[in-house]
1. Can you give me the distance in nm between label points at residue 84 and residue 1, each placed 7 Å from the Cα along the Cα-to-Cβ direction?
2. For the pair residue 231 and residue 16, how long in nm is the line joining their label points, each one 7 Å along Cα→Cβ?
3. Listed highest first by mean packing, meaning other Cβ atoms within 10 Å per residue, what order do 215-226, 156-167, 243-254 come in?
4. When a/c is below 1.5 the answer is rounded, else prolate if a/b is larger than b/c, else oblate, so apply that to the stretch 122-278 with a ≥ b ≥ c taken from the square roots of the Cα gyration tensor eigenvalues.
5. Please work out whether the stretch 190-242 counts as rounded, prolate or oblate from its C-alpha gyration tensor, where a ≥ b ≥ c are the square roots of the eigenvalues and a/c under 1.5 means rounded, while otherwise a/b larger than b/c means prolate and anything else oblate?
6. Which percent, nearest 5, of DSSP beta bridges in the stretch 122-278 are antiparallel?
7. Have a look at 59, 148, 242 and tell me which one the Gaussian network model of the chain (Cα, springs below 10 Å) gives the largest fluctuation.
8. If I fit a long axis through the Cα atoms of helix 265-278 and take the longest principal axis of the Cα atoms of the chain, what angle between them do I get, 0 to 90°, rounded to 10?
Ligand code: PLP
């Protein structure tokens with residue numbers, strides 16, 4: 001396994017950054033996860049576009065030109081002989097003596113790792129996953145894909161301890177924002193596909209955007225709006241989307257069965273359409 005750190009390709013176990021890296025000191029950095037399916041990067045352009053936006057919002061300079069980053073990514077896929085894998089890209093404001101203010105002339109840190117993955121077992125697609133709801137305790141710029149992830153770390157652990165795959169976070173109005181590492185979708189009791197609209201309250205998932213695009217292409221109607229936990233509990237279907245899970249059916253929320261307790265047809269159809277959009281067979 002080969003990692004990339006600031007201009008060098010190094011064996012994964014020997015890769016390191018400075019102890020005064022601002023990613024380590026302040027979580028002053030951003031990241032992207034891109035899934036490689038059958039040797040191809042899924043939604044690469046979307047992820048790089050969002051990375052550019054995250055950097056801009058935090059005034060972190062590009063460590064290398066976007067075109068160079070693309071070349072490094074291609075090289076990482078090649079050097080790791082990645083077929084089914086997760087590519088992780090992190091950019092921080094760089095190493096500097098510890099001080100809250102931005103360093104003058106920062107040299108941002110670029111780290112890329114590649115990890116082979118076996119995709120989730122088919123049982124997850126057949127049975128669906130359980131989610132539990134929890135208060136959304138994050139900051140107000142959730143649209144930035146920052147490496148500051150403590151609320152999600154806490155949330156995922158809580159979900160795991162409750163026997164659930166994912167946590168759905170809920171705002172002060174009782175509306176679901178999103179999953180700890182995914183976007184949340186329902187098909188309402190009336191059969192309408194609903195997912196929350198992009199705003200500072202959620203991360204605008206690249207998989208989310210692609211699924212909306214394929215829904216549009218297929219003439220599947222949808223609403224981008226918040227929904228409450230009560231509405232989700234009464235839904236016909238529910239699912240999550242993310243780069244690592246694509247789209248996974250949700251069949252239990254807070255221990256309560258959704259619909260007939262089996263993965264629903266619209267979620268299944270959208271997953272299939274998304275895999276077609278990627279131009280690959282579903283690895284599950
Ligand atoms: N929302 C949050 C909070 C996430 O962390 C993620 C992905 O990790 C997503 C949504 C899904 O985004 P994407 O589809 O770009 O992976």
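1. About 1.7 nm, to one decimal.
2. Distance between label points: 5.1 nm.
3. Final packing ranking: 243-254, 156-167, 215-226.
4. Details: a/c = 1.42, a/b = 1.19, b/c = 1.19.
Since a/c stays below 1.5, the shape of the stretch 122-278 is classed as rounded.
5. On the way: a/c = 1.85, a/b = 1.13, b/c = 1.64.
Oblate, because a/c is 1.5 or more while a/b does not exceed b/c.
6. On the way: 20 of 31 bridges.
So the antiparallel bridges amount to about 65 percent of the total.
7. Evaluated over the chain, the most mobile residue of the options is 59.
8. Rounded to the nearest ten degrees, it is 30.
The numbers here are math on the coordinates, done by the rules we state, and not lab data. Bear in mind the structure is a predicted one, so any value in this text is a computation, not a measurement. Note that each Cβ is placed from the backbone with ideal geometry, even for glycine, and that neighbours are counted across all protein chains shown.
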